[in-house]
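Everything on this sheet refers to the single structure shown next.
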Amino acid sequence: MTMLQGGEATAAGSAVKDTTTQTFVKDVIEESKRQPVLVDFWAEWCGPCKQLGPVLEKAVRAAKGKVKLVKMDIDKHPSIPGQLGIQSIPAVFAFVNGQPVDGFLGALPEGQVTAFIERLTKDRLGGEERDLLKSADDLLAQGDAAGAADLYAQVLAQDSGNLAALGGLARSYVRTGALEQAKQTLALVPEAKRNDPVVAAARAALEVSEQAKAVGPIADLEAKVAANPLDHQARFDLALALNGKGQRQEAVDNLLEIVRRDRKWNDDGARKQLVQFFEAWGPTDEATVNGRKRLSSILFS
């Protein structure tokens, strides 16, 4: 058996199609806002991919419109798989509401593929569970970490493997200073899924919080910087400490000042730290948006 490719896949039914780097947003991100979309990352040389392909297609068609399957050849289109951190294939990612929410690696047997799709397409995933996650995300953004943690826990009580809820719960613990609980929560994520964006963001938040605990008091660091504005290490540590107190904009200011004065300092350490902050805060956070713009203006001026 071989996988249907190109026009054959499209002709076989709208539930199964190929995608490219250029059409990925339309085929996957936008479409997943209407229904779950499975993305099968494969390559022509991959034997297990050709075993999994027909099994996936059969299971998706059996779902009768509840889910779609999109295939991406990683050799022809390496950009998206690279961004998602895919290192082995076959790899299947499930997208819901524009975000990867689940996935698996390897050529699973038909029964496990069917069970995966059934779990993905349960009504609660599209309704109550999604609403709970959105409410939890909103509470966390508003600073109510305890309230957010309660909602994430409700989701996990129904679906213990929900990556968005695990990542959100870990971020909630970080926000309240319960770093050990955050570590324990992230340890529940399967090894194969630890590069998922929501998990990576939670891990970054934990790491920057631990960094903040390792530096001295803000007042002492401010005094060092005032005494010697070229003391980049003191300014770097000050940025970590400020972030630990929730003063994100001030943390960005200090790291950008290092980048502006000496881009090569500490092996480009200030820019790298900014990138980690942006990952921890999330792409829509005001400090991330403004920080990225200002960093770009410095780097490309």
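Since every read-out is calculated from the coordinates, none of them should be taken as a lab result. Being a predicted model, the structure only gives us computed values, none of them experimental. Neighbour counts are summed over all protein chains in view; Cβ atoms, including those assigned to glycine, are modelled from backbone coordinates with ideal geometry.
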message: What does the charge count around GLN211 come to, taking other residues whose C-beta lies under 15 Å from its C-beta (Lys +1, Arg +1, Asp -1, Glu -1)?
response: +3
message: Give me a comma-separated list of calculated 3J(HN,Hα) values for region 238-255, in order, Karplus coefficients 6.51, -1.76, 1.60 applied at θ = phi - 60°, integers in Hz, x for any Gly or Pro.
response: 5, 4, 4, 5, 4, 4, x, 9, x, 8, 5, 4, 5, 5, 4, 3, 6, 5
Rounded FRET efficiency, nearest 0.05, which uses the C-beta distance separating GLN22 from GLN142 and R0 of 41 Å: 0.65
message: Can you tell me the orientation of helix 47-62 relative to the chain, as the angle in degrees between its alpha-carbon axis and the longest Cα principal axis, to the nearest 10?
response: 70 degrees
Other-chain or far-sequence residues with amide H under 5 Å of ASP102's (modelled H): ALA94
message: Skipping prolines and chain starts, which residues have an amide H placed within reach, meaning under 5 Å, of the one on ASP18, given they are 5 or more residues away or on another chain?
response: THR10, LYS71
field: Calculated from backbone phi, Karplus (6.51, -1.76, 1.60) coupling profile of region 202-218 in Hz, x at Gly/Pro
entry: 5, 5, 4, 4, 5, 5, 5, 5, 5, 4, 4, 5, 8, 9, x, x, 4
- request: Determine, for each peptide in 159-169, 78-88, 42-52, the mean count of other beta carbons within 10 angstrom over its residues, then list the peptides with the highest first.
  value: 159-169, 42-52, 78-88
query: What percent do you get for the relative contact order of region 215-299 when only Cα pairs under 8 Å and 6+ apart count?
result: 20 percent
- prompt: Among 15-22, 96-103, 228-235, 211-218, what's the highest-first ranking by average C-beta atoms within 10 angstrom per residue?
  reply: 96-103, 15-22, 228-235, 211-218
statement: For region 282-290, in residue order, the Karplus 3J(HN,Hα) values (coefficients 6.51, -1.76, 1.60; θ = phi - 60°; whole Hz; Gly and Pro = x) are x, x, 9, 4, 4, 5, 5, 4, 5
statement: Note on region 6-121: alpha-carbon gyration tensor, axes a ≥ b ≥ c; rule is a/c under 1.5 for rounded, else prolate if a/b larger than b/c, else oblate; result rounded
